[in-house]
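Everything below concerns the one structure shown next.
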Amino acid sequence: MSVELDVFVGNTTIMDKEVYQLWLNGYTVNDAVKVRIEGGVMEECEASAEVLLSDTMDQYRTFQMCERLLHHPAKLANQLLFQIPPDRQAMLIERYYAFDDLFVREVLGKKLSKGTKKDLDDVSTKTGITLKSCRRQFDNFKRVFKVVEELKGPLVENIRQHFLLPDQLARDYAAIVFFANNRFETGKKKLQYLTFQDFAFCAGQLINNWTLGAVDNMMEDMDVDLDKEFLQDLKDLKILITDKDLLDQHKSLVCTALRGKTNVYNEMEANFKNLSRGLVNIAAKLINAKDVRDFFIDLVEKFIEPCRSDKWTSIDMNLYLTHYTNSAHILDTFKHHAVWTRYMGVIKSCILRLYHD
Amino acid sequence: MPGKLKAKIVAGRHLPVMDRASDLTDAFVEVKFGNTTFKTDVYPKSLNPQWNSEWFKFEVDDEDLQDEPLQITVLDHDTYSANDAIGKVYIDIDPLLCSEAATVISGWLPIYDTIHGIRGEINVLVKVDLFNDLNRFRQSSCGVKFFCTTSIPRCYRAIMVHGFVEELVVNEDPEYQWIDRIRTPRASNEARQRLIFLMSGELQRKIGLKVLEMGGNAVVGYLQCFDLEGESGLVVRAIGTACTLEKISTFPATATHPSNSSPSKDMKEPVFGEEAPGVPLSSGPPTPLRAQTFSSFSPSKSYSRQSSSSDTELSLTPKTGMGSGGSAGKDAGPLKALLKQQTQSALEQREYPFFTLTVFPPGFLLHVGGVVSARSVKLLDRIHNPALGNTRSYKLLDWNSFTADEPETRDAWWEEIRQEIKSHAKSLGCHAVVGYSESTSICEEVCILSASGTAAILSSRFMQDGPLDTELRLSQQPLCVFSTGSERVEGDMGSSASLGFEEVVSPGCGFCHIPYDELNIPFPAQLTYCYCCRRYKVPDVLFTTIDLPTEASVTGKGCLIQARLCRTKKKAQGEVNAMAISNLLPFLEYELHTQLMNKLKLRGMNALFGLRIQISVGETMLLGLASATGVYLTALPSPGGIQIVGKTPSDITYEQHISNMQKKINDTITKNKELYEINPPEVVEEIIGSPIPEPRQRSRLFRSHSESSDDVSEIDLSHGKKDAFVLEIDDTDAVEDIHALLTDSPTPAGFYSCNTEIMPGIQNWTSAIQMFTSVRVFRLNANLTNQGLNKIFSDLCENLLKSLYFKLRSMVPCCLCHLNFTVAIPEDELIQVAVTAVALSFDKVQTLENGKQSGEKTPIKAITENDEQLQFNLELNAETSSSSISPKGLSEVGSHPSARAPSVDYSSFADRCSSWIEQLKLKAHTIRRGSVKTTSSMEKASPLPEGRSRSLRSNRSYSGSSVAVVKMTPLSFIPGAKIIKYLGIINMFFIRETSSLREEGGVSGFLHTFIAEVFAMVRAHVAALGGNAVVSYSMKECVFMENPNKNQAQCLINVSGDAVIFVRESELELTSVQPQSATTQTSNGGEGT
């Protein structure tokens, strides 16, 4: 004796948020039923395990049928098969494209290729996220990447338009796409303390200031690739550390401004040349794609770690970077004000974000 | 009368990739109607083609328009090989043929393929130009409106209810033709789909013709069914109730017109007086509609009748009046018998005094006798001759070895059954059968035909040609209206006046009063005086197939009651098998009935509504499922409890066991009474006088199985001489039965359920509705006993219900209405249960009110409803009296030579009515569009800077095409909303087949997708007609076959319903001022024709 067939179809498609989440999390039907039983839904509704199983299977089937539509969220709004209220549609899409920070940290900056996908079982073991869920998240990244890759216009906007995602989620995806495209290294041990949101913030800064889209909004890939011209120009900043006079002048200006305003003045003064060299060197190297990948490692190694070992506070950091940036403009022989501003604006906000007290 | 059908193919979207190389499709479209085919150009390399074709014009007869669907085929062009079909769309043109329904079909329709399901959508425009000629009504039945709704549709008023119409057409099933062996499954499925489309069209046209013959303009309660008889063919049959309908104001009358009521009555009354006493019997005008007048016994009941012209005995009808048929107390015995006779003979003139309606206009249903049913086992015999194995090799033999041509055979079968039903009704003292339905169950070559209904006595009101409005008022203001009539009567027939009075005084209990003669009860019954009016006799239990009348006074709430039964039977062939089945049937029915009765008592209720008994036959078993809604009718006596008696009282432990069980039962009854808020007012005085027959349980379920000739065997289902409520435990079976009785788990908190349209005691519905279909198939182990089977079947149903409650928990407090269970035995050891129902949420505050209050509420509601209906009448009446030769009046008198069909008389009036309804519709459209905007707001919320438009290129095909919401419900109404227009009937048949079952998610995945697709197609077609809801939706057929070993499955689904436009009542209030003036305008010229 067995139930051979068991379906329930509503004119308005019934979808349980809780079950949806379990499905997204990659639980098997039986595991999902267990979770639901523990959640106490049975007592609440006078249901039996059998009923729960039937309901879960049914919902899972519905989600599977919906999944292909969720791959192209715009289709969800004008498909005829499921009648889903708009708020529900938004929920479905948002949750489908939501991802685990733990997971995204593992693949952030990696090439979204088959090879990476093969390694997902390792990621799954490491993060404790089910392989199924890992795959979904990975496929989402890849899908978004593929679609926006070919599009002109602002990255975030394109993602929002195409995948009907809420603003924050669209920004996160922009970050993921941006990282994947530029292959930023984020997996090194030194970077482990950083969260995805730290990187997403930085990505936002880079997209808004360093890409082609920041200057010209009609170029292909404008938001995904860094502005080559700008990177070329960055080499000119080297003068700040190669010219001894300029370096000394810069240091004295910053020191004057900071004297008495910070507790780490001495350390700062002692380290100034090192720190400045670090930042300017990063700038000068960005023209090499390989060094772009190491951008975050370099920032952490060359700047953040020394400061941290000297126990700077965020306020110290902010103060220092502000004056460091501004002072350069006062330097007589320094001509590259525009490039400097464009560079330091991003660097400053990135460092402040990446610097955890 | 010819017409011009025009179709334009606009665009396609979401097409499947047909060319793997390019990942694109070169699509074009073939538009076919009858034998004419047009093609669009090929739109190369696109999944979203924009054909924007010219108008394809088909010049055709309207007969074809009615029969044929417009067939649209989308194909992929292939230069080197045959073009691949992507899919098809069948469009039913019928709604466009009726001026009052839809005017254009326009929208995105799913492209359907029987193997792949929905494959993209196509945007089409379809129009029909009928050459406007009143005569067209004569040549085909264009213009006859069809409604699945089993009540008078919400925006119409019944002028007349003509009666039963039926028709069936037979064809070979393409699946069983020899050619099927060489053609693809797709071709075979499509041939079948198309054939059924054609057959339904033909059937509808034929029924329409019958309606026109009868002088009606609409079919209400249209029920069309398919019998897939396998090799012996395919039968499509339909029944319905022919009516003359008239459109009414779509707006609720905000104010009643007290001043109007008396003048119109005065105007009408004289007419009555003049004709009533002795109108000479005219032999009928020489029109196809033969109108006859019968002088009436009771003066207010002048009666005339129309019937189909084929009815030859018509002119021989005796002079009879239609009495009210009420029971008139004990001293009215002989008189009553006389009255009854007259009442009966009046309706007897109709071939079948049947009505598929389950809800009636106020005052139409006078008394209810009880359920009548008839079943018959037939053999679909065929000649087993492989040499002749081609299309024409079958021959049909019925059980009596009566050979005839196929349709005639089927007709004869049904005729037999209907005759039986008629005679059952007669023996219950009733002249009519309401809530009538027919069904079949087929297994191999055995076929069980079933029919059931409720014997009833109806008012002549809607069956004569007289003006209804006055009659309507009779029930509204009974006292003053009747004074004139009764005075005249008192001289010769005092009691008859009081008779008339009775039905008026107690609308809440009148229908419960027994229609049969108390001294000549057709079955053992326990009668008491009505607990409402205390004047007339009522039975102790009432079973009916109709909906609960709105005016009925009910105590507490109702609930779904089901009796479930399995019976094993031996495998057999041919006549032996048929005999075995027909021998089993009585037992099955008896047990179902006992179960129902016990469960009813267990819930402390005394009446069943919407009773539907389904018997399904399989190779090794019979399944019986009876569903009904139990209620406590205030007019009926309180049911006694259930008493258990053991056979062997010597054993102490046994006695203890018994008393335990008794206690359990008593507790359950108490609990149920609380749950359903059944606390009837205590009756102080005892039953007054009148010898009451010895208390016995009695039943009003009649059945018989006519496997041979016309010997009508009626089996008395009462429990012999035993006390009504005693259950005797003599063996383990009985213990099991009682256990089963108690295992019905109560509905979870916040849920109510019923299988009728409305739930007594709940009023405050919110607009949240959720229609759903659930299907389960259960595999049984071999060698199960009857008991084991019963338990499994019962658990299956119970679990299904539990699952539904769980699924819909977010809608609590809510009521599952119109729970319609269908059982089938698709193959050996499989049981299939399908449920379609709607969950309605309601506001909790209202539910706290006790049943009494709600009882008081309903009549008031009925009156206001009436008032809004009356609004038109009054104005019409004013005209009638001033011109004094109104068509209505004429046909009533029956002396005018040219009594015209009411449909013609009212057409112009209706047209004018529809003109501002058209405006309303526009409004409704804009409202809908408004909501569409909000749905797509997400896309539009973030407009791009102009310069960046390219990023939107792939978005283009989506923009501005969000899908309109279409509600679906098996009910005839939408809570909180007003239906302002009926757009036509939706009747769709789909086949889906797969040979990759596993890949599609197994049987569940396959069926889930298919049902979702069917819903989607229904919604899309409704939206294309301009509608926003389907009411009276039902899934009439869901035949599922699988062959997991071959990785194959096939499913057939037939759905139907009425496409409508509704407007939320809150929105209506805003606009109700202007139409009010429009109303008066229209009615001014209303009778001008």
For each pair in B:88/B:206; A:114/A:228; A:142/A:228, compute the distance between the two Cα atoms and list the pairs where it is over 32 Å. none
Where in segment B:151-192 is the amide nitrogen less than 20 Å from a point lying 7 Å along the Cα-to-Cβ axis of residue B:444? B:176
Note down the relative contact order for segment A:228-354 as a percent, whole number, built from C-alpha pairs under 8 angstrom at least six residues apart. 36 percent
Looking at segment B:164-202, which trypsin sites (Lys or Arg not before Pro) are in a loop (DSSP not H, G, I, E or B) and have at most 16 other Cβ atoms within 10 Å? B:183
Suppose every K and R has +1 on its Cβ and every D and E has -1 on its Cβ; what is the size of the dipole of chain A about the Cα centre, in Debye to the nearest 20? 1240 debye
Just checking the output field for B:776-782: average partner chain Cβ neighbours within 10 Å of each residue's Cβ? 4
Averaged across B:745-752, how many Cβ atoms of other chains sit within 10 Å of each residue's Cβ atom? 2
Using the beta-carbon distance between residue B:645 and residue B:172 and R0 = 51 Å, what value does 1/(1 + (r/R0)^6) give for FRET efficiency, to the nearest 0.05? 0.30
I need the trypsin sites (Lys or Arg not before Pro) found in segment A:37-97, filtered to DSSP loop residues with at most 13 other beta carbons within 10 Å of theirs. none
Taking r as the C-beta separation of residue A:146 and residue A:193 and R0 as 30 Å, the FRET efficiency to the nearest 0.05 is 0.45
Kirkwood Rh over alpha-carbon pairs of segment B:1-137 plugged into Stokes-Einstein at 4 °C, 1.567 mPa s gives a D in µm²/s of 83 µm²/s
What full-extension length gain, to one decimal in nm, is calculated for residue B:999 and residue B:179 as 0.36 nm per residue of separation minus the Cα-Cα distance? 292.3 nm
Taking Cα pairs under 8 Å and at least six residues apart, what relative contact order does segment B:1-137 come out at, in percent? 30 percent
Cα→Cβ-extended label distance, 7 Å offset, between residue A:332 and residue B:80, nm: 8.0 nm
Kirkwood Rh in Å, taken over chain A so that all alpha-carbon pairs contribute: 23.1 Å
Distance (nanometres) between label positions extended 7 Å along Cα→Cβ at residue B:783 and residue B:568: 0.9 nm
Peptide B:765-771, shielding by other chains (average Cβ, 10 Å cutoff): 2
For labels at residue A:132 and residue A:311 in the simple 7 Å Cα→Cβ model, what's the distance in nm? 5.2 nm
Nearest-0.05 FRET efficiency for residue B:749 and residue A:30 at R0 = 30 Å, using Cβ-Cβ distance, is 0.60
So what is the relative contact order for chain A, in percent, with contacts set as C-alpha pairs under 8 Å and at least six apart? 15 percent
If you wrap a convex hull around the alpha carbons of segment A:179-337, what volume per residue comes out, as a whole number of Å³? 117 Å³
Rounded to the nearest 20 debye, dipole of segment B:1-137 from Cβ charges on Lys, Arg, Asp, Glu: 440 debye
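Where a number appears in this text, it was derived from the coordinates with a stated rule and is not lab data. As the structure is a computational prediction, the values presented were derived from the model and not from experiment. Because the Cβ atoms are built from the backbone with ideal geometry, glycine has one as well, and the counts that use them run over all protein chains shown.
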